[in-house]
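This report concerns only the one structure given below.
The values are calculated or read from the model by the stated rules, or taken from the named source; none is laboratory data. The structure presented is a predicted model; accordingly, all values stated were derived computationally and were not measured. Heads up, the Cβs are rebuilt from the backbone with ideal geometry, glycines too, and the neighbour counts pull from every protein chain shown. With ligands, DNA and RNA removed, areas are computed over all heavy atoms of the protein, side chains included. Shrake-Rupley method; radii C 1.70, N 1.55, O 1.52, S 1.80 Å.
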Number of protein chains: 2
Amino acid sequence: MTRPRMDFYFEFASTYSYLSALRLPSLAEAAGVDVRWRPFLLGPIFAVQGWNTSPFNIYAAKGRYMWRDVERRAARYGLDVIRPDPFPQNGLLAARVAQLALAQPRGIEFCQNVFLAEFGAGQDISDPDTIKACLASAGLPMTLLADAQNDTNKHALRTTTDTAARLGIFGAPSFIVGDELFWGDDRMHDALDWATRHG
Amino acid sequence: MTRPRMDFYFEFASTYSYLSALRLPSLAEAAGVDVRWRPFLLGPIFAVQGWNTSPFNIYAAKGRYMWRDVERRAARYGLDVIRPDPFPQNGLLAARVAQLALAQPRGIEFCQNVFLAEFGAGQDISDPDTIKACLASAGLPMTLLADAQNDTNKHALRTTTDTAARLGIFGAPSFIVGDELFWGDDRMHDALDWATRHG
């Protein structure tokens, strides 16, 4: 008998992805669901919608609400929230390194380190030094930083982003269970529940 | 000692407002929260954001997701979902009548009847006959239909919509508890919880 499975699509620049990434491993473990972490880029997907930055910047009222909402929810989860400057951060380097890190045993820890550096400590995640520190804390080799820039790995990230778009993903985090898409940190429980019932 | 209070801002054309409106009375009663129902119009608020229709129509992927998400959630709540044609419906008449109906004991029932006619039965809620049937089912006088079109009542709806915008509301349903805004059917529990803890 196979365990239920779920794909977790996340973007390092995304506040709600932060809330999900820090909580998902323990919740997935409790639910008995195997999760594949899929870093992708929202930029190309937003561009198709006509946006050249985060919709939270374009729509001011929505942006103000988002920060307060994230603050309230993070408090409930015992997480800090600092607004990185600039917002959104450029998550390209982090996503490329994450692809390689996630093939290693402590890849999820690397991803969580990046989110904590960004939203817990306000660090610039496009700075290679930040990424190096996140690798180091996860006990991963520094060579991943250079390897992440090879063409095969760059291409893999584009493919994941294309796949996300093809699956109907328009924001992050998103969860895919079979043919079902769940969007948003507030749908993570529903997605896990769907996986255990239909996975 | 006063009971905790909450304002429920809803738009008759909104699918997620339907999910909230049908469930709110029993949940608020259980939580001991007094709720003021505030029908308003999203049209003027969307127009400020540069949208001339529902964002679910403008952003196709988001729209496809919304219908599936509403379908899944409605199933959980034992509610039907029919896509009214056109979507979004014009909720102006319903909102005007609702303002007067809500001053009467069975006003909430009228509002729920409108949502059920629209999303449960696919009826046109801009049709006065639909509104009449909703009034009749709630045992409310037909005179409300004509009274709803007087200038004072029209002005009151504009004032509510202006107030919503001033409060930072950018979508529906929205819940106001003191200075806190909660957006979306999926934040209704949080809003009630906030009201009981801080109201």
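Some notes on this structure:
- Filter result for B:LEU100 (within 30 Å of A:ARG187 (Cα to Cα), away from chain A (no Cβ under 14 Å) and assigned to a helix (DSSP H, G or I)): no
- Looking across segment A:101-129, just one residue is buried (at least 19 other Cβ atoms within 10 Å of the Cβ) and touching an Asp or Glu at 6+ places or on another chain (Cβ under 6 Å), and that is A:ILE125.
- Enumeration of residues in segment B:170-187 that are more than 12 Å from chain A (Cβ to nearest Cβ) and open to solvent by 50 Å² or more (accessible area, probe 1.4 Å): B:GLY178
- Condition check for B:ARG197: charged (D, E, K, R), within 26 Å of B:PRO4 (Cβ to Cβ), within 12 Å of chain A (Cβ to nearest Cβ) and under 16 Å from the mean Cα position of the chain (by Cα): no
- Segment A:130-169 - residue that is within 14 Å of chain B (Cβ to nearest Cβ) and not small (Gly, Ala, Ser) and, of those, surrounded by the fewest Cβ atoms within 10 Å (Cβ to Cβ): A:ARG166
- Hey, A:PHE110 at pLDDT 95 or above, away from chain B (no Cβ under 14 Å), farther than 22 Å from A:ASP190 by Cβ and assigned to a helix (DSSP H, G or I) or not: yes
- Residue check for B:THR2: out of contact with any His (no Cβ under 7 Å at 6 or more places or on another chain), of a type in the set (Ser, Thr, Tyr), open to solvent by 20 Å² or more (accessible area, probe 1.4 Å) and outside the structural domain of B:TRP67 (by TED's automatic domain parsing): yes
- Top-ranked residue of segment B:75-100 - restricted to ones that are of a type outside the set (Ser, Thr, Tyr) and over 25 Å from B:ASP127 (Cα atoms), ranked as most open to solvent (accessible area, probe 1.4 Å): B:ARG76
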